[in-house]
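Undergrad: If you scroll down you'll find the structure; I have some questions about it.
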Amino acid sequence: MRCVDPPLVLLHGFTQTRQSWRRTARALAGRYRAVIPDLPGHGQAVLRTASFDACAAYVRALGPSTLVGYSMGGRIALYAALTVPVERLVLVGASPGIADPAERAARRAADDALAERIETLDIEAFAGEWGSQPLFAGQPERIAAAAYADRLRNTPAGLAAALRGLGTGVMEPLWERLGELTIPVTLVTGERDEKFSALAEAMRARLPDARHVVVPGAGHAPQLEAPEAVAEAIA
């Protein structure tokens, strides 16, 4: 099957690297020309500026694309789609930010405190701590082990910088701008991820051209637990 343009850009989540999309990209092989970067502060990325504007500039340099993002990568993808030309948008377990100013300020303070704490830990300790959150409860053992191994590709300094520049607390909410997105948008969530499934439904109600795909049996990281199903949602 012939690969098609525009490229498919896959943006990973916080503490992950480009490797987290490996199985999804394999399931899409031949259908897209995949571009999978390490985001600022992660993996082998050269950290210059961890900011939404810097990430949007990267997407702009690639030209019109099908843009896919998971969690933090989904927030970056949404911001980029409102800033630069994008042909289609797929958001996996993502949100448009925190609308309430007080709640957003509290989250920013918590993110800053977490960034400071990350800098006091080694990557093994933080990787284990991050993966033990209730958000990831119910992940199959082999998926949790693979996610842990992927987190070890990062450094505490890089993750702290990414949290300060790309965290939920620092992001200006985009709820009121969702109506500007006239491109097709696919919202993907895991069946067990009640919080982000509810957020996806709230987003769908505001988006002009959107559908919500629920991946059976999956949690907050469906691209890890059910990569073939996520690939089908993308395709």
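The values are calculated or read from the model by the stated rules, or taken from the named source; none is laboratory data. Everything quoted here is computed from the prediction, not taken from an experiment. Note: ideal-geometry Cβ built from the backbone for every residue, glycine included; neighbour counts use all protein chains shown.
Undergrad: If you go through segment 146-175, how many residues are of a type in the set (D, E, K, R) and more than 29 Å from Pro227 (Cβ to Cβ)?
TA: First, pick out the residues of segment 146-175 that are of a type in the set (D, E, K, R): 150-151, 153, 164, 172.
Still in the running and more than 29 Å from Pro227 (Cβ to Cβ): 164, 172.
Residues in segment 146-175 being of a type in the set (D, E, K, R) and more than 29 Å from Pro227 (Cβ to Cβ): 2 in total.
Undergrad: Note down all Cβ pairs under 6 Å where the first residue falls in segment 146-169 and is closer than 15 Å to Ser51 by Cβ, the second is at pLDDT below 95 and among the polar types (S, T, N, Q), and they're at least six residues apart or on different chains.
TA: If the second residue must be at pLDDT below 95 and among the polar types (S, T, N, Q), the pairs left are Gly165/Ser51.
Undergrad: Condition check: in contact with a Phe, Trp or Tyr (Cβ under 9 Å, 6 or more places away or on another chain) and not in a loop (DSSP other than H, G, I, E, B). Does Leu199 satisfy that? It would help to see each step written out before you state the result.
TA: On the way: in contact with a Phe, Trp or Tyr (Cβ under 9 Å, 6 or more places away or on another chain): no; not in a loop (DSSP other than H, G, I, E, B): yes.
Considered against the rule, which asks whether it is in contact with a Phe, Trp or Tyr (Cβ under 9 Å, 6 or more places away or on another chain) and not in a loop (DSSP other than H, G, I, E, B), Leu199 comes out as no.
Undergrad: Just to be sure I understand, how many residues within segment 218-235 are modelled with pLDDT of 95 or more, surrounded by fewer than 22 Cβ atoms within 10 Å (Cβ to Cβ) and outside any helix (DSSP H, G or I)?
TA: Summing the residues that are modelled with pLDDT of 95 or more, surrounded by fewer than 22 Cβ atoms within 10 Å (Cβ to Cβ) and outside any helix (DSSP H, G or I) in segment 218-235 gives 0.
Undergrad: Would you call Pro184 surrounded by 15 or more Cβ atoms within 10 Å (Cβ to Cβ), touching a strand residue (DSSP E or B) at 6+ places or on another chain (Cβ under 6 Å) and within 17 Å of Gly69 (Cα to Cα)? Please lay out each step first, then the result.
TA: Details: surrounded by 15 or more Cβ atoms within 10 Å (Cβ to Cβ): yes; touching a strand residue (DSSP E or B) at 6+ places or on another chain (Cβ under 6 Å): yes; within 17 Å of Gly69 (Cα to Cα): yes.
So Pro184 passes the test.
Undergrad: Then there is this: Hey, can you tell me all the residues within segment 62-104 that are in a helix (DSSP H, G or I) and within 28 Å of Val215 (Cα to Cα)?
TA: Going through segment 62-104, the residues in a helix (DSSP H, G or I) turn out to be 62, 72-81, 101-104.
Of everything in segment 62-104, those that are in a helix (DSSP H, G or I) and within 28 Å of Val215 (Cα to Cα) turn out to be Met72, Gly73, Gly74, Arg75, Ile76, Ala77, Leu78, Tyr79, Ala80, Ala81.
Undergrad: Hey, another quick one. Filter segment 185-200 for residues that are without any contact (Cβ under 8 Å) to a residue 60 or more places away in the chain and among the small types (Gly, Ala, Ser) and give the result.
TA: Matches in segment 185-200: Ser197, Ala198.
Undergrad: Report yes if some residue within segment 154-168 is of a type outside the set (Gly, Ala, Ser), in contact with an Asp or Glu (Cβ under 6 Å, 6 or more places away or on another chain) and surrounded by 17 or more Cβ atoms within 10 Å (Cβ to Cβ); otherwise report no. Show your work before the answer.
TA: Of segment 154-168, the ones of a type outside the set (Gly, Ala, Ser) are 154-156, 159, 163-164, 166, 168.
So of that shortlist, the ones also in contact with an Asp or Glu (Cβ under 6 Å, 6 or more places away or on another chain) come out as 156, 163.
Now restrict to residues that are surrounded by 17 or more Cβ atoms within 10 Å (Cβ to Cβ): 156, 163.
Looking through segment 154-168, at least one residue is of a type outside the set (Gly, Ala, Ser), in contact with an Asp or Glu (Cβ under 6 Å, 6 or more places away or on another chain) and surrounded by 17 or more Cβ atoms within 10 Å (Cβ to Cβ).
Undergrad: Same structure, new question: Just for segment 21-61: of the residues that are of a type in the set (Lys, Arg) and either within 20 Å of Tyr79 (Cα to Cα) or part of a strand (DSSP E or B) (or both), which one is modelled with the highest pLDDT? Full working, then the answer.
TA: To start, the set of residues in segment 21-61 that are of a type in the set (Lys, Arg) comprises 22-23, 26, 31, 33, 48, 60.
Among the residues that remain, those that are also either within 20 Å of Tyr79 (Cα to Cα) or part of a strand (DSSP E or B) (or both) are: 33, 48, 60.
Working: Arg33: 87, Arg48: 68, Arg60: 93.
Across segment 21-61, the extreme among qualifying residues is Arg60.
Undergrad: Moving to a separate point now. Considering only residues that are over 19 Å from Gly169 (Cβ atoms) and in contact with a helix residue (DSSP H, G or I) (Cβ under 9 Å, 6 or more places away or on another chain), which ones fall in segment 58-69? Spell out how you get there, then give the answer.
TA: Let us first name the residues in segment 58-69 that are over 19 Å from Gly169 (Cβ atoms), namely 58-68.
Those that are over 19 Å from Gly169 (Cβ atoms) and in contact with a helix residue (DSSP H, G or I) (Cβ under 9 Å, 6 or more places away or on another chain): Tyr58, Val59, Arg60, Ser65, Thr66, Leu67, Val68.
Undergrad: Determine the pairs where a residue that is surrounded by fewer than 15 Cβ atoms within 10 Å (Cβ to Cβ), located within segment 119-132, has a partner that is assigned to a loop (DSSP other than H, G, I, E, B) with Cβ atoms under 9 Å apart, the partner being 6 or more residues away or on another chain.
TA: Glu124/Leu152; Glu129/Leu121
Undergrad: Next up: Enumerate the pairs (first residue in segment 201-222 and over 16 Å from Ser71 (Cβ atoms); second residue anywhere and surrounded by fewer than 17 Cβ atoms within 10 Å (Cβ to Cβ) and of a type in the set (Asp, Glu)) with beta-carbon separation below 8 Å, excluding pairs fewer than 6 apart on the same chain, so at least 6 apart or on different chains.
TA: Here the result reads His212/Glu201; Val214/Glu191; Pro216/Glu191; Gly217/Glu191, each pair linking segment 201-222 to a residue that is surrounded by fewer than 17 Cβ atoms within 10 Å (Cβ to Cβ) and of a type in the set (Asp, Glu).
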